[in-house]
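Novice: Before anything else, here's the structure in question.
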Amino acid sequence: MPLQYQLGQLENATRMVPRQIDNPHVVVLTPGPLNETYFEHAYLASYLGYTLVQGDDLTVWDGRVWLKSIDGLRPVDIILRRVDDTFCDPLELRQDSRLGVAGLLEVIRQGNVIVINPPGSGVLENPGLMPFLPNISKRLIGEDLQLPSAATWWCGHPKQQEYVLENLRKLVIKPIHRQRGSRSLFGMELSSAELDALRDRINAEPHLYVGQKHVHLSTTPSLIDGALEPRRAILRNFLFREKEGYVVMPGGLTRCAGEKAELTISIQDGGVSKDTWVLAPEPEPHISLWQQRTGRIQTASASVGLSSRAAENLFWVGRYAERAEGQARLLRIMLDKAKMGKMGLETSRLGRVSPSRRLIETLGEDAREVSELTYLRSMLRSLTGLTSSHPSFANNSEESLGNEILSIMLNTENSGSLVSTLQALVSAAYAVRDRWSTDTWRVMNNIENLCTILEKSVPEDRDTSAQVLTDLVLQEAELASLDQLMIFLSALSGLNAESMTQTIGWISLDIGRRIERALLLIVLCRSSLVAVKDDWIEDMLLESLLAATESLITYRSRYRSALHFPTVLELLLLDAENPRSLLYQLKRLEEQIRALPREKLGYRLSEEEQLILEALTQLQLSNTMDLAEHSEHTTQRRGLEKLLVRLAQILVDISDVLTQTYFSHVQRPQQLTTTDSN
């Protein structure tokens, strides 16, 4: 459906709104990201500034349709429907539909909502009408059809049924009652047994079928795998309704078959859509599809157009992006360390002699492998803590560690792997496709492409032999992929921070980022710093922790000394000026929570406000010298562990409370009784 046609209908609908308001609330109802034309729906909503919604974003109450927005229910005046008729109301139509809005048809009957492309308009596309179009034209307008239709015979007429059955192999048989899985049947493609079965179905219910002359379709060049190949194509034209009639729109929509031998052209079967242009002798004037308003323009509230579902997806985009960044940084540190160790090179220890060098001088070359494995094992605990996929350490060999690194990086069956996190990020972002700028979506496409490359880098037979894993760790391509991923994630973060309007959508995104960054830092500190280790292992872990949190340069410039446990804690936990510190995350989270829409109850704090206040108080009352201490009789820094455990629980509670308060509107309706499948 072309944008210009939809805009014309929207302008007419605006004048028909029952309450005659100046700025009606318009939504675009889409089946969702899995629909093959979802991109068109998202583009339309983004271009015109309307809210893109799915069926569970809307509800019917008190005779009206309402949007479940982040700050409560908001009335809807106009719906641009892109959901099939039978799926749009599970209360009166398909009871198994999860795409529509229960009660929508009754609201339409009452005239309380205007629907563009209203339910029932699809009857004009029914092939059962085609045999009658010539007589309909003569009866209604007294003229013959200017563009004849393909010859069609309705089997409900005995003579026409007889003709169809006699010429079954030459015709295209179409059902006039659309059902799931029904499609046009080409007699020339059917076997004798299939023709007999089709003949029996037509004889049983002849009124449900038409036979149509097989029209040999034209072909159009299509670029397939870098070469031009012919594909069958059809052209769909549109009429544009004006005040005094209809105008044929120049151009149209061309649909091409997905396969060379395909006779049926359908988007569901792999077909593609192409724009069709009509060349003119002179340049065409630009026609804006935006509504042209006169007088003062009313602006909508920043939260009116944001559904609870969209806010939740933005929240998880923030969390997944931060999680992927944390995983990529730590993986890069581990792979780089393994690579340098294999090459016999040592990394800087901020002025201290490398412990592995001392061990080598004392115990020989074998000590290098022991020290590296001890360090990598500790780092692996940090990495698996980020992914919540704790490994087995029964085998402490390099091969076992390599298996874990490979799994955490590339295994799609591991829900906590880097590739799985990137897939979840792209999925959540695609669900709110209309919220992203063109540049942001280019970055997202790059992330998706890189995710595909990483997934394909695993051998097809999933061989995890020592040689394969060793080669994988040492491959420059893997480190280069992580470097590239960090650039893409940084670009995404920068675009969100500097180009996204800081309204409720951006707040949802940033809340997700702050919660995830704080949780990741807590996991890193717990897995690396709580257990007391040898000084040289702790030094290596402290430096890696500073590198993973982008705080290494800050530490060097500020303290200009060897690593000191309390000062590292001070920088990572309590430095309000360090954008990677825990205190910084909690303060930003407090600001965003305060900005969320809520009902004010006097001086009483909301549950999420109470939780963030508790977290800030506990953290700011802590002392890094006390946190760094441990008893001679224990190998744990119990004070640090207790603080981090409590802060992690508070952050999880905040996430749960926000979900229940602002995102719980998206729950789907549940069927209470069984229905007769017949």
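Novice: Could you give the C-alpha radius of gyration of segment 219-276 expressed as a fraction of 2.2 N^0.38 Å, taking N as the number of residues it contains?
Specialist: 1.39
Novice: At a Förster distance of 41 Å, what's the computed FRET efficiency of residue 141 paired with residue 260, Cβ-Cβ distance as r, to 0.05?
Specialist: Using R0 = 41 Å, I get an efficiency of 0.50.
Novice: Put +1 on the Cβ of each Lys and Arg and -1 on the Cβ of each Asp and Glu in segment 53-202; which of 116, 126, 173 then has its Cα farthest toward the positive end of the dipole?
Specialist: 173
Novice: Sorted by mean Cβ packing within 10 Å, highest first, what order do the peptides 522-531, 141-150 take?
Specialist: Descending packing order for the listed peptides: 522-531, 141-150.
Novice: Report the full-extension gain for the segment residue 533 to residue 246: residue separation times 0.36 nm, less the Cα-Cα distance, to one decimal in nm.
Specialist: Gain in length upon complete extension: 95.2 nm.
Novice: Suppose the chain between residue 642 and residue 618 were pulled fully straight at 0.36 nm per residue; how much longer would it get relative to their current alpha carbon spacing?
Specialist: 7.6 nm
Novice: Exposure proxy check: 308, 192 ranked by fewest other beta carbons within 10 Å?
Specialist: Neighbour counts put them in this order, fewest first: 192, 308.
Novice: Right, next: In debye, nearest 20: dipole of segment 143-268 around its Cα centre with unit charges on the Cβ of K, R (+) and D, E (-)?
Specialist: Using Cβ point charges on Lys, Arg, Asp and Glu, segment 143-268 gives about 200 debye.
Novice: Here's another thing I want to ask about it. Quick one: divide the alpha-carbon radius of gyration of segment 32-174 by 2.2 N^0.38 Å and tell me what you get.
Specialist: 1.40
Novice: Let me ask something additional. Using r as the Cβ-Cβ distance of residue 193 and residue 629, and R0 as 60 Å, what FRET efficiency do you calculate, to the nearest 0.05?
Specialist: Once rounded, the FRET efficiency stands at 0.10.
Novice: Please list, by residue number, every one of the trypsin sites (Lys or Arg not before Pro) in segment 145-213 that is coil in DSSP and has at most 16 other beta-carbon atoms within 10 Å.
Specialist: Passing both the DSSP loop test and the Cβ count: 169, 170, 178, 180, 183.
Novice: What is the extension gain from residue 598 to residue 437, computed as 0.36 nm multiplied by their sequence separation minus the C-alpha to C-alpha distance, in nm to one decimal?
Specialist: Answer, rounded to one decimal: 55.1 nm.
Novice: Another question about this same structure. For the pair residue 178/residue 225, report the inter-label distance in nm, with labels modelled 7 Å from Cα in the Cβ direction.
Specialist: 3.4
Novice: Using a ≥ b ≥ c from the Cα gyration tensor of segment 149-202 (square roots of the eigenvalues), is it rounded, prolate or oblate, where a/c under 1.5 gives rounded and otherwise the larger of a/b and b/c decides, a/b for prolate?
Specialist: Cα axes put segment 149-202 in the rounded bin.
None of the figures in this text is laboratory data; all of them are computed from the coordinates on show. None of these values were measured; they are calculated from a predicted model. Glycine also receives a Cβ, built like all others from the backbone with ideal geometry; neighbour counts cover every protein chain displayed.
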